[in-house]
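**Q** Encoded as structure tokens, here's the structure I'll be asking about.
The values are calculated or read from the model by the stated rules, or taken from the named source; none is laboratory data. Note that this is a predicted model, so its numbers are computed, not measured. Cβ atoms come from the backbone with ideal geometry, glycine included; neighbour counts cover every protein chain shown. The protein model used for the area step is the full one, side chains on, heavy atoms only, and it has no ligands, DNA or RNA in it. Shrake-Rupley method; radii C 1.70, N 1.55, O 1.52, S 1.80 Å.
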Amino acid sequence: MKYLKLFENFEDIHKICEEYGIVDYTINPDGSIDVDGDVMIKTYSLVKIPINFNLVSGDFDCSFNRLTTLDGCPKLVGGSFNCNVNKLATLE
């Protein structure tokens, strides 16, 4: 099982984005990120979203993980949002 802690500084955010192939992003002052494009973090066995997303202009797919909450998910997604096949108790 893969567990990722939330960022400690902006360098951690850059490393996490690189690890998950997230490109064309902007780090906001609160540490959340806006992504111009898609975010595909499916099938990583994540138990938590690794960073806080704010806006994603394309699709956001966090399916086929072990998420129990949607904490860290974007506030706004321009495309489709997929979170199926997780251990979610609620969609809040």
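**Q** Would you please name the residue that is nearest to GLY31 (Cα to Cα), looking only at residues in segment 63-75 that are touching a Ser or Thr at 6+ places or on another chain (Cβ under 9 Å) and open to solvent by 50 Å² or more (accessible area, probe 1.4 Å)?
**A** Out of the qualifying residues, it is LYS75.
**Q** I've got another one for you. Does any residue of segment 6-17 turn out to be open to solvent by less than 40 Å² (accessible area, probe 1.4 Å) and touching a strand residue (DSSP E or B) at 6+ places or on another chain (Cβ under 7 Å)? Step through it out loud before you land on a result.
**A** Filtering segment 6-17 for residues open to solvent by less than 40 Å² (accessible area, probe 1.4 Å) gives 12-13, 16-17.
With touching a strand residue (DSSP E or B) at 6+ places or on another chain (Cβ under 7 Å) added as a condition, the list becomes 13, 17.
Yes, there is a match, as at least one residue in segment 6-17 is open to solvent by less than 40 Å² (accessible area, probe 1.4 Å) and touching a strand residue (DSSP E or B) at 6+ places or on another chain (Cβ under 7 Å).
**Q** Can you find a residue in segment 6-16 that is touching a helix residue (DSSP H, G or I) at 6+ places or on another chain (Cβ under 9 Å) and of a type in the set (A, V, I, L, M, F, W, C)? Write out each step before concluding.
**A** Start the filter on segment 6-16 by keeping residues that are touching a helix residue (DSSP H, G or I) at 6+ places or on another chain (Cβ under 9 Å), which leaves 6-7.
Adding the requirement that they be of a type in the set (A, V, I, L, M, F, W, C) leaves 6-7.
Yes.
**Q** Within the set of pairs 6+ apart or on separate chains, which have a first residue in segment 54-72 that is touching a residue at least 24 places away in the same chain (Cβ under 8 Å), a second that is open to solvent by 60 Å² or more (accessible area, probe 1.4 Å) and assigned to a loop (DSSP other than H, G, I, E, B), and C-beta atoms under 7 Å apart?
**A** ASN54/LYS75; CYS62/LYS42; ASN65/LYS42; ASN65/TYR44; ARG66/MET1; ARG66/LYS87; GLY72/LYS48
**Q** With the condition kept exactly as written, say whether any residue in segment 52-62 is open to solvent by 30 Å² or more (accessible area, probe 1.4 Å) and of a type in the set (Asp, Glu).
**A** yes
The rows are residues; the columns are (1) modelled with pLDDT of 95 or more; (2) closer than 21 Å to ASN9 by Cβ; (3) in contact with a Pro (Cβ under 9 Å, 6 or more places away or on another chain); (4) not hydrophobic (A, V, I, L, M, F, W, C).
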| residue | (1), (2), (3), (4) |
| --- | --- |
| ILE27 | yes, yes, no, no |
| MET40 | yes, no, no, no |
| TYR44 | yes, no, yes, yes |
| LEU76 | yes, no, no, no |
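**Q** Another question, then. Take segment 21-41 and flag every residue that is crowded, with 16+ Cβ neighbours inside 10 Å and within 17 Å of PHE81 (Cβ to Cβ). Give the derivation first.
**A** Filtering segment 21-41 down to residues crowded, with 16+ Cβ neighbours inside 10 Å leaves 22, 25, 27, 31-35, 38-41.
Residues satisfying the conditions are ILE22, SER32, ILE33, ASP34, VAL35, ASP38, VAL39, MET40, ILE41.
**Q** Examine segment 61-71 for a residue that is closer than 18 Å to ILE16 by Cα and acidic (Asp, Glu), and state whether such a residue exists.
**A** The answer is yes, given that some residue of segment 61-71 is closer than 18 Å to ILE16 by Cα and acidic (Asp, Glu).
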